[in-house]
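Trainee: Handing you a structure now.
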Amino acid sequence: MSDAVPPVVRTLPPGIDEARFARALAAFEGIVGAPNVCRGGASLEPYFDPFVPLADPHAFAPSAAILPANVEEIRAILRVANETRVPIWTVSTGRNFAYGGAAPRLAGSIVLDLQRMNRILEVDERLAWARVEPGVSYFDLHAHLREQRLRLWVDPPAAGWGSIVGNTLERGFGTTAYGDHAAAQCGMEVVLANGDVVRTGMGAIENGTAWQLYKPGYGPSFDALFAQSNYGIVTKMGLWLMPAPQAFVIGEIHFAREDDLAVIVDTLRALQLDGTIRQHAVIEGAIRRAASLAPRSRWYEGEGAMPEAAVAAMQRDLGVGRWNLHYALYGAPEVIDAQRRIVERAFAGVPDARFAARRYAEGEEPQGGADRNLAGIPAMTAFRMLDWRGGNGAHVDFSPLCPADGRDALRQYALVKARAAEYGFDYYGGFTAAGRHLHHVFAAIFARERRADAERAGDLLRALMSDAGAAGYGVYRSHLIYMDYAAAQYGYNDGALLRLAQTVKDALDPQGVLAPGKQGIWPSAWRAERGYT
């Protein structure tokens, strides 16, 4: 198969002719100004999937992009979209790489990019919350807290440049005690497809005082309805922030053998459920740990997955474990010192386990990127993974949920590692532990210019989803390509859950203009136009 890149061809939404599309663009320019409408060329390039795992790098092409500055402009855009029936794909900043970036699920959709709506609207230090717009990144809020000398932490995901709103709505997670971003969200402002502006929970009280303090409000609670859905456009969101601790410990434990994973998971689960470890601890595989330190070519330059002998040599050279547990403890020095002893005692029975930890006082900062995340400091060091295979690095992720049970973790690991090797990929992955469940994230890494490898990565992910579904595991997040397939895995009672989602979609968005196909939810107007499945 040739790795030549095909030329970009203008893509219109299905069933929309040039004349109607031109009228819509002219109307959008009248709303936001011509400089804030990207019609094509270099201005539209950021809205393609940068890591698309297909032979065609321009799959899921947008037709244009619009950058509104406020809620009134969004409402006006939706009026035009409903009149012309032009589909809109909303992104906060479009940096959801490995899952599709800013590209739309329905090719030809117009991307509604909210990055200009980037105000930090309010921060309350005493009650530890913030209210932000979609264009605010983790770097932005962290910098604001520092500038204002507020004793509060953000909880950053692996890449700090992402939108707080976008990451939360996709159920992203971090690694501090506030690592469950969806759980730490409280209160939204949402523009529905008909232009109606809704404030959820206590925000519906005109002179309310507790919008960011109590999520449910009165009656049905709707915040979760807008996560991973296409039911509305979130324009403001509240989030709880972590009060800066008096001190914190960051620890790492290296384990020597593959099958140590089971005892790591079972021991960690007990420590999380009894409250000793209150954060999202990370169990990194050897290659994921090594990729932040050196390139693959140092030990192996061949095709296919790294041989076990090369992995063992890599472990010896770098001093990393086959599994590497990263944990943190937060609070008073005497308390976290006692907790550290409990943690190390719990893992002391694992043969050849190696321990390292350091206590930091408030105001001290770790230097390593992953350690900085554990201290509430956004970083971008996770992107070092793109250097692992050389070339212009890219990756696509497989993200199944796993029970926090050692047997399930080993089963998932073995399944993913074997299938990845079959398709010629290393096991670059690990688990993030949240008490009762694990987020298992595996990345298929490839050089972007090698389109055959990109396509093979895409084929691998579909095989992995099929394997996981047959074994009773579902993904919590997926690339654009697999949204329909992922939704189909949740097939109880002939897909009753998806039918419910589509019923809600058709009620809230009868013209089907908001993000058709997101998470496999297709409005009636577009169910025959799914494209890639």
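Trainee: Report yes if residue 509 is acidic (Asp, Glu), modelled with pLDDT of 95 or more, over 23 Å from the mean Cα position of the chain (by Cα) and on the phi > 0 side of the Ramachandran plot, otherwise no.
Mentor: No.
Trainee: Right, something else. Going by what's in this entry, would residue 191 be described as in contact with a strand residue (DSSP E or B) (Cβ under 6 Å, 6 or more places away or on another chain), β-branched (Val, Ile, Thr), closer than 22 Å to residue 382 by Cα and buried (at least 21 other Cβ atoms within 10 Å of the Cβ)?
Mentor: no
Trainee: Moving to a separate point now. Within the range 107-129, is there a residue that is touching a helix residue (DSSP H, G or I) at 6+ places or on another chain (Cβ under 6 Å), surrounded by fewer than 24 Cβ atoms within 10 Å (Cβ to Cβ) and within 30 Å of residue 243 (Cβ to Cβ)?
Mentor: Checked the range 107-129: at least one residue is touching a helix residue (DSSP H, G or I) at 6+ places or on another chain (Cβ under 6 Å), surrounded by fewer than 24 Cβ atoms within 10 Å (Cβ to Cβ) and within 30 Å of residue 243 (Cβ to Cβ).
Trainee: Please count how many residues of the range 362-388 are touching a Pro at 6+ places or on another chain (Cβ under 8 Å) and either touching a residue at least 24 places away in the same chain (Cβ under 8 Å) or among the aromatic types (Phe, Trp, Tyr) (or both).
Mentor: Going through the range 362-388 one residue at a time, the tally reaches 10.
Trainee: Check whether at least one residue in the range 258-267 is in the same structural domain as residue 352 (by TED's automatic domain parsing), closer than 18 Å to residue 375 by Cβ and not β-branched (Val, Ile, Thr), and report yes or no.
Mentor: No, every residue in the range 258-267 fails to be in the same structural domain as residue 352 (by TED's automatic domain parsing), closer than 18 Å to residue 375 by Cβ and not β-branched (Val, Ile, Thr).
Trainee: Quick check on the range 269-302: of everything there that is basic (Lys, Arg) and more than 18 Å from residue 425 (Cα to Cα), which residue is nearest to the chain's Cα centre (by Cα)?
Mentor: Result: 278.
Trainee: Something else now. Which condition number does residue 247 fail, the rest of (1) surrounded by fewer than 21 Cβ atoms within 10 Å (Cβ to Cβ); (2) farther than 21 Å from residue 152 by Cβ; (3) of a type in the set (A, V, I, L, M); (4) more than 25 Å from the chain's Cα centre (by Cα) being met?
Mentor: Unmet condition: (2).
Trainee: Of all residues in the range 268-281, count the ones that are among the hydrophobic types (A, V, I, L, M, F, W, C), surrounded by 17 or more Cβ atoms within 10 Å (Cβ to Cβ) and farther than 24 Å from residue 368 by Cα.
Mentor: Summing the residues that are among the hydrophobic types (A, V, I, L, M, F, W, C), surrounded by 17 or more Cβ atoms within 10 Å (Cβ to Cβ) and farther than 24 Å from residue 368 by Cα in the range 268-281 gives 1.
Trainee: Any idea which of 488, 421 is touching a residue at least 40 places away in the same chain (Cβ under 8 Å) and not assigned by TED's automatic domain parsing to the domain that holds residue 176?
Mentor: On inspection, the qualifying residue turns out to be 421.
Quick grid of which residues meet (1) surrounded by fewer than 20 Cβ atoms within 10 Å (Cβ to Cβ); (2) closer than 21 Å to residue 277 by Cα; (3) over 29 Å from the mean Cα position of the chain (by Cα):
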| site | (1), (2), (3) |
| --- | --- |
| 304 | yes, no, no |
| 309 | yes, no, yes |
| 334 | yes, yes, yes |
| 349 | yes, yes, yes |
| 382 | yes, no, no |
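Trainee: For the range 24-43, what are the residues that are modelled with pLDDT under 95 and either among the aliphatic types (A, V, I, L, M) or in contact with a helix residue (DSSP H, G or I) (Cβ under 9 Å, 6 or more places away or on another chain) (or both)?
Mentor: The answer is 39, 42.
Trainee: Continuing with the same structure: Under 8 Å by Cβ, and 6 or more places apart or on different chains, what pairs join a residue from the range 135-152 that is closer than 24 Å to residue 69 by Cβ with one that is in a helix (DSSP H, G or I) and not β-branched (Val, Ile, Thr)?
Mentor: As it stands, the answer is 138/167, since those pairs meet every condition given.
Trainee: From 429, 390, 376, 424, which residue is more than 30 Å from residue 147 (Cα to Cα) and surrounded by 19 or more Cβ atoms within 10 Å (Cβ to Cβ)?
Mentor: 429
Trainee: Within the range 312-329, does at least one residue satisfy the condition of being loosely packed, with under 15 Cβ neighbours inside 10 Å and touching a residue at least 40 places away in the same chain (Cβ under 8 Å)?
Mentor: Yes: one or more hits.
Trainee: Starting from the range 287-308, keep only residues that are in the same structural domain as residue 393 (by TED's automatic domain parsing), then list their pairs with residues that are of a type in the set (S, T, N, Q) whose Cβ atoms are within a distance under 8 Å, requiring at least 6 positions of separation or different chains.
Mentor: The qualifying pairs are 289/324; 290/315; 292/381.
Trainee: Please find, among 452, 457, 463, 443, the residue that is in a strand (DSSP E or B) and in contact (Cβ under 8 Å) with a residue 40 or more places away in the chain.
Mentor: Testing whether each residue is in a strand (DSSP E or B) and in contact (Cβ under 8 Å) with a residue 40 or more places away in the chain leaves just 443.
Yes or no, residue by residue, for (1) closer than 28 Å to residue 475 by Cα; (2) in the same structural domain as residue 366 (by TED's automatic domain parsing); (3) in contact (Cβ under 8 Å) with a residue 12 or more places away in the chain; (4) not small (Gly, Ala, Ser):
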| residue | (1), (2), (3), (4) |
| --- | --- |
| 197 | no, no, yes, yes |
| 211 | no, no, yes, yes |
| 227 | yes, no, yes, no |
| 233 | yes, no, yes, yes |
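Trainee: With the requirement that a residue be among the polar types (S, T, N, Q) and crowded, with 18+ Cβ neighbours inside 10 Å, what does the range 361-373 give you?
Mentor: Residue satisfying the conditions is 373 alone.
The values are calculated or read from the model by the stated rules, or taken from the named source; none is laboratory data. Not measured: the values here are computed from a predicted model. Cβ coordinates were reconstructed from backbone atoms using ideal geometry, including for glycine residues, and neighbour counts include every protein chain displayed.
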